[in-house]
1. Between a residue in the stretch 191-218 that is more than 30 Å from MET397 (Cβ to Cβ) and any residue that is surrounded by 13 or more Cβ atoms within 10 Å (Cβ to Cβ), which pairs come within a Cβ distance under 7 Å, given they are 6 or more apart or on different chains?
2. May I ask you to list pairs of residues, at least six apart or on different chains, whose Cβ atoms are under 7 Å apart, with the first in the stretch 320-336 being farther than 21 Å from MET391 by Cβ and the second being in a helix (DSSP H, G or I) and at pLDDT 85 or above?
3. Being under 54 Å from the mean Cα position of the chain (by Cα), closer than 18 Å to LEU158 by Cβ, in contact (Cβ under 8 Å) with a residue 40 or more places away in the chain and crowded, with 23+ Cβ neighbours inside 10 Å is the requirement here; does LEU87 meet it?
4. Which is at pLDDT 75 or above, closer than 30 Å to ARG193 by Cα and open to solvent by less than 40 Å² (accessible area, probe 1.4 Å), of LEU57, LEU71, LEU79, LEU65?
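The values are calculated or read from the model by the stated rules, or taken from the named source; none is laboratory data. Just so you know, these numbers come straight off a predicted model, no measurement behind them. Here the Cβ positions follow ideal geometry from the backbone for every residue, glycine too, while neighbour counts run over all protein chains shown. Areas reflect the complete protein model, heavy atoms only, side chains present, ligands, DNA and RNA absent. Shrake-Rupley method; radii C 1.70, N 1.55, O 1.52, S 1.80 Å.
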Amino acid sequence: MINAMGWLKAALRAAPGNLRDDLWTTAYDPLPRTGRPSWRDWLPAFAMLLLLPAIGLAVANINQLGSDYGLDRSYAALLGGLQAMALLLALVQPVPAWWAVTVAMVVIAGLSEPRFPVFFPWTSWGLVLQAGVLFLLALRVRPRAAVEALVISVLTGLACGTLVSQTHDDNDAGAAAILTAVVVVGAALRGSRVARTELVKQEELTAEERARRTLLEERNRIARELHDVLAHHMSLVSIQAQVAPHLVQNPSEELKENLAAIRDNAVEALTELRRVLGVLRSEDPESEGVWYAPQPTLVRLGELVSNVRDAGQTITTQITGEPRPLSPGIELSAFRIVQEALSNVMRHASGAEARVEVGYLRDVLTIRVTNSAPNVPASSSPAAGHGLLGMRERTAMLGGELAVGPTPDGGYEVTAVLPATLPQPLRRPDRGLL
């Protein structure tokens, strides 16, 4: 009870400031934009649609004010026209338009001299116009401001009906129900639009986060594989530095110290690489057996193609040029590109025929994976895949080029050009040099 009283007191203290901020301003909170045309885009069309009804309501309201409420023709034209113009003004300035119809209602109640019992203080056409303005107001401002405008409209109408001693029929309850209904409908439509907009924003944020996470996962995967390649070379450096003194007769102390320093630096670098890899793998769902398995190369291309055929995929291969060993990074990335491309064929091109072409040129290695048009349209996947991201990351890391896209026959093509770097051969130290 004490908390409720404190909240009520705080609300009453804040009420004047809230009313000033909400209803003593020309600003409004427009409907948020979505992918569809917004309220602002349709504003000219709405204005044209409301123009003829506003003119008709103005004529009917002016005639009613003059004939039933006893207003002078000039006052009837001014006040009736003002209420009708407020309906159009509410499209761009809903708060001033609401003030206009409210003030017009009060002036009409003070000046009218009904000749027989009529609705009062709202005229029948004036109530229609005020309901239209409140509806547009509820669409364009926050719900709190719409409720405040509704309460003030109803209280003003009740005050006019109570304080002005005119012969009239009591229609306060009906008018309040109509005005409340249009405000509720307008606020509900606005809330639905806001909710859809927020949902679209959340979907965009989710898609961006998913893409970012996918990219980070693929980079971690590449980093792990790169570690395996570097660890291999650093291990060779360490072993060569340890063996080299034994291949020289009477090695000098300076030579032994230099080779020992080389070995120590190689071991330290290898330790740091393994430490970094341990951080990357700390949340890896794969088993340790997969972590430390030998990295695949193009030598296992036949095994990969055989597995794909066993899964029911029709596939042909073509190798041009003389196959030769390349650097471990090139071999690994080439194998992964072919693997991802064939995985995409099986997922997104059901019933299509796939073809893998590998070309060993003098300076580059070319990889081309194509598929024909699928038998059935591919179903869209809600989640972003790793394939294309991984291919681009690997190709960019090696300084190569990647091109992907549909083919004229309705299929798809992945082409990668990688630098064909030869692995450095292991050489026995020259005794003469040492």
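1. ARG193/LEU31; ARG193/PRO32; VAL194/PRO32; ARG196/THR34; THR197/PRO32; THR197/THR34; VAL200/THR34
2. Sorted first by the residue in the stretch 320-336, then by its partner, the list stays empty.
3. Numbers: under 54 Å from the mean Cα position of the chain (by Cα): yes; closer than 18 Å to LEU158 by Cβ: no; in contact (Cβ under 8 Å) with a residue 40 or more places away in the chain: yes; crowded, with 23+ Cβ neighbours inside 10 Å: yes.
No, not satisfied.
4. On the way: LEU71 fails: closer than 30 Å to ARG193 by Cα; LEU79 fails: closer than 30 Å to ARG193 by Cα; LEU65 fails: closer than 30 Å to ARG193 by Cα.
Of the residues listed, the single one that is at pLDDT 75 or above, closer than 30 Å to ARG193 by Cα and open to solvent by less than 40 Å² (accessible area, probe 1.4 Å) is LEU57.
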